[in-house]
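S.K.: Dropping the structure in here first, questions after.
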Amino acid sequence: MSTVDREPGSNTTDVDQAFLGSATYRSLGEQRLSPQEERFEKARRTSGLALAPLATIVMLLIPFDLPDQQHKLAAVLVGVVILWVTEAVPIPVGGFIGIAAIVLIGVVPADDALAPFGSSTVFTFIGAFILAQAMLKHGLAKRFAMFVLNLPGVGTSTTRVIIAFGAITCLLSAFVSNTATVAMLLPTAIGILTVIAKLMQSQGIVEDDFDPLRLRVGAALMLMLAYGASVGGLLTPVGSPPNLIGRGLIEEATGETIAFLDWMLLAIPVCALMFVALAVVLLLVNRPEIKRLEGVDEWVRAEKAELGPLSRAEKNTLLAFVVTVSLWILPGIVALVAGTESGTYETVSDRLDEGVVAVLGASLLFLLPTDWANREFTLRWSDATKIDWGTVVLFGTGIIFGSLLASTGLAETIGNGAYNWLGLSSAVLLTAFAVVLAIAVSETTSNTASAAVVVPIIIPIAMAADVNPFVPALAATFAASFGFMLPVSTPQNAIVYGSGVVPITRMIRSGISFDVIGAILIIVILPLMISVLGLGT
């Protein structure tokens, strides 16, 4: 039987507690599975115990024409990806095993291997998860969810809720980093899902002891949050770090400046078509158990009445949230006003690093009192310990492998080797190669690492082939944000995976579709828009 939280003295699932105490990795005994699902999960998880070490050993024994350091890293990375995909061990533990392996077999010393774990993104996760915990504990997330469900024409249909939430995510992530956008909206997404799960429970659509973390509608909503942020992040140069990295490298190599407006005009068709694809595919692959939300208006009114006015804890949490979001947004506003090349923007974006802002906002929760006489504050450390540290560990290990792909030269070796093997010479084929390479690298590293690794590979390859590097390099920049399959592919994937609502099998199944669709859209639409706007000539 599952260990999903029950209401005291009954076999009925306590939906609020189920989401508050969710975790990245749950054993089979912690889930409600059908006999068929249980057989599949046992086979999948057991297979990884044998396949991961076997694949690593085989890779080490094959005499590849690679430097020793790159050969060993490639072998370990293959084994780790198998552990991640099969969940033979908890996914964060798979990363730990990989880190231990690269040190034990001499890829790099321990200090060098562990250094990237101090990345700003790791601290963004920690701070954002603590803020989310406070929003869930004190009911603020539920209030935000009520607001979304009360939007005209939205709250009566799960399809509209998912699409509307995705649209909000896309627009926000155009000016706020993808990671920050998903971090700030995650509690609202969980709040919406909590309301939907309670409605299903009250209407008898699910069993009394159902597992709310395995609802298809939940997977669709969470994946729309993650993928919508990736798509929306392409709309402006400041929407995502890969944009700034790629644009800077392209301008340096070609001498052509990509203006803020030109970037947006290039990106809008790609993003609009990709968003339509997201909505259609996610709702088909993760078909919601309930389509119409009957009685949602009455439900929202009852929940609002039960919540009552804002409590002191909610006001404090809202203040911490507003401060954090304001500081996350400020660099984007400065970029619009002063430009991304200005000294003001560089100073503000450096000082207001999103990781530092996240932990600053989280710290406010331990400084703002709810009962000063008893020295009680908005959040206790015991609450903070309940955040999903597994996701923090998971993405930290992903950053390590991304850093090693670059520092050992393995990514460059793969790129150059694939180019030489394929013998590409035309701009179209080189653009397609750039997109596929960027997406492939992005699947096992962060999108930022993918752009930093792939764009510098593509530019000299294009010049050697006597092709203007503008189009293939920009295509690689866009494609770096389109890794959708694994939790380590982007920070936003990792955040929604950390909600416990998205099984890795669903993420992989949905992500494959979007990798292919995104690649096609970038290869077809981006060169066309560049030509229409007269860029890259």
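S.K.: Which residue out of SER173, SER157, SER177 is in contact (Cβ under 8 Å) with a residue 12 or more places away in the chain and in contact with a Gly (Cβ under 7 Å, 6 or more places away or on another chain)? Before you say what the answer is, go through the steps one by one.
M.R.: Working: SER157 fails: in contact with a Gly (Cβ under 7 Å, 6 or more places away or on another chain); SER177 fails: in contact with a Gly (Cβ under 7 Å, 6 or more places away or on another chain).
One residue alone meets the criteria, SER173.
S.K.: Which one of the conditions (1) open to solvent by less than 10 Å² (accessible area, probe 1.4 Å); (2) closer than 24 Å to THR317 by Cα; (3) in contact (Cβ under 8 Å) with a residue 60 or more places away in the chain does ILE192 fail to meet, given that it meets all the rest?
M.R.: Answer for ILE192: the failing condition is (3).
S.K.: Of all residues in region 494-513, which are modelled with pLDDT under 90, surrounded by 22 or more Cβ atoms within 10 Å (Cβ to Cβ) and not hydrophobic (A, V, I, L, M, F, W, C)?
M.R.: TYR497, GLY498, SER499, GLY500
S.K.: Another question, if that's okay. Can you report the number of residues in region 464-490 which are open to solvent by 10 Å² or more (accessible area, probe 1.4 Å), closer than 18 Å to ALA438 by Cβ and assigned to a helix (DSSP H, G or I)?
M.R.: So the answer is 1.
S.K.: How many residues are hydroxyl-bearing (Ser, Thr, Tyr), in contact (Cβ under 8 Å) with a residue 60 or more places away in the chain and surrounded by 24 or more Cβ atoms within 10 Å (Cβ to Cβ) when one looks only at region 430-445? Talk me through it step by step, then tell me what you get.
M.R.: Of region 430-445, the ones hydroxyl-bearing (Ser, Thr, Tyr) are 431, 442, 444-445.
Subsequent filtering for residues that are in contact (Cβ under 8 Å) with a residue 60 or more places away in the chain retains 431, 444.
Okay, now just the ones that are also surrounded by 24 or more Cβ atoms within 10 Å (Cβ to Cβ), so 431.
Counting residues in region 430-445 that are hydroxyl-bearing (Ser, Thr, Tyr), in contact (Cβ under 8 Å) with a residue 60 or more places away in the chain and surrounded by 24 or more Cβ atoms within 10 Å (Cβ to Cβ) gives 1.
S.K.: Can you name the residue in region 323-370 that is touching a residue at least 24 places away in the same chain (Cβ under 8 Å) and among the acidic types (Asp, Glu) and is also farthest from ASN178 (Cα to Cα) among such residues?
M.R.: Among those residues, the one meeting the criterion is ASP353.
S.K.: Additional query: Being crowded, with 19+ Cβ neighbours inside 10 Å, more than 12 Å from ASN447 (Cβ to Cβ) and either of a type in the set (A, V, I, L, M, F, W, C) or touching a Ser or Thr at 6+ places or on another chain (Cβ under 7 Å) (or both) narrows it down to one of LEU266, LEU273, so name that one. Spell out the reasoning first.
M.R.: Values: LEU273 fails: crowded, with 19+ Cβ neighbours inside 10 Å.
So the residue among LEU266, LEU273 that is crowded, with 19+ Cβ neighbours inside 10 Å, more than 12 Å from ASN447 (Cβ to Cβ) and either of a type in the set (A, V, I, L, M, F, W, C) or touching a Ser or Thr at 6+ places or on another chain (Cβ under 7 Å) (or both) is LEU266.
S.K.: State whether the residues of region 462-475 include one that is under 20 Å from ILE512 (Cα atoms) and at pLDDT 85 or above. Talk me through it step by step, then tell me what you get.
M.R.: Kept after step one, since they are under 20 Å from ILE512 (Cα atoms), are these residues of region 462-475: 475.
When the remaining residues are screened for being at pLDDT 85 or above, the result is 475.
Yes: one or more hits.
S.K.: A further question follows. From the list GLU341, GLU298, GLU346, GLU303, pick out the single residue that is open to solvent by 40 Å² or more (accessible area, probe 1.4 Å), within 29 Å of ALA197 (Cβ to Cβ) and among the acidic types (Asp, Glu). So that I can check it myself, show each step before the final result.
M.R.: Values: GLU341 fails: within 29 Å of ALA197 (Cβ to Cβ); GLU346 fails: within 29 Å of ALA197 (Cβ to Cβ); GLU303 fails: open to solvent by 40 Å² or more (accessible area, probe 1.4 Å).
Step by step, each of GLU341, GLU298, GLU346, GLU303 is checked, and only GLU298 is open to solvent by 40 Å² or more (accessible area, probe 1.4 Å), within 29 Å of ALA197 (Cβ to Cβ) and among the acidic types (Asp, Glu).
S.K.: Suppose the filter is hydrophobic (A, V, I, L, M, F, W, C), within 13 Å of VAL176 (Cα to Cα), at pLDDT below 85 and crowded, with 24+ Cβ neighbours inside 10 Å; does VAL238 pass it? Write out each step before concluding.
M.R.: Values: hydrophobic (A, V, I, L, M, F, W, C): yes; within 13 Å of VAL176 (Cα to Cα): yes; at pLDDT below 85: yes; crowded, with 24+ Cβ neighbours inside 10 Å: yes.
Criteria met by VAL238.
S.K.: Can you say whether VAL516 is open to solvent by less than 30 Å² (accessible area, probe 1.4 Å), within 28 Å of LEU73 (Cβ to Cβ) and assigned to a helix (DSSP H, G or I), as far as the supplied structure shows? Before you say what the answer is, go through the steps one by one.
M.R.: Numbers: open to solvent by less than 30 Å² (accessible area, probe 1.4 Å): no; within 28 Å of LEU73 (Cβ to Cβ): yes; assigned to a helix (DSSP H, G or I): yes.
Considered against the rule, which asks whether it is open to solvent by less than 30 Å² (accessible area, probe 1.4 Å), within 28 Å of LEU73 (Cβ to Cβ) and assigned to a helix (DSSP H, G or I), VAL516 comes out as no.
The values are calculated or read from the model by the stated rules, or taken from the named source; none is laboratory data. This structure is a prediction, so every number in the text was calculated from the model and none was measured. Counting neighbours? That spans all protein chains shown, and the Cβs are built from the backbone with ideal geometry, glycine included. Only protein heavy atoms, including side chains, enter the accessible area calculation; ligands, DNA and RNA are left aside. Shrake-Rupley method; radii C 1.70, N 1.55, O 1.52, S 1.80 Å.
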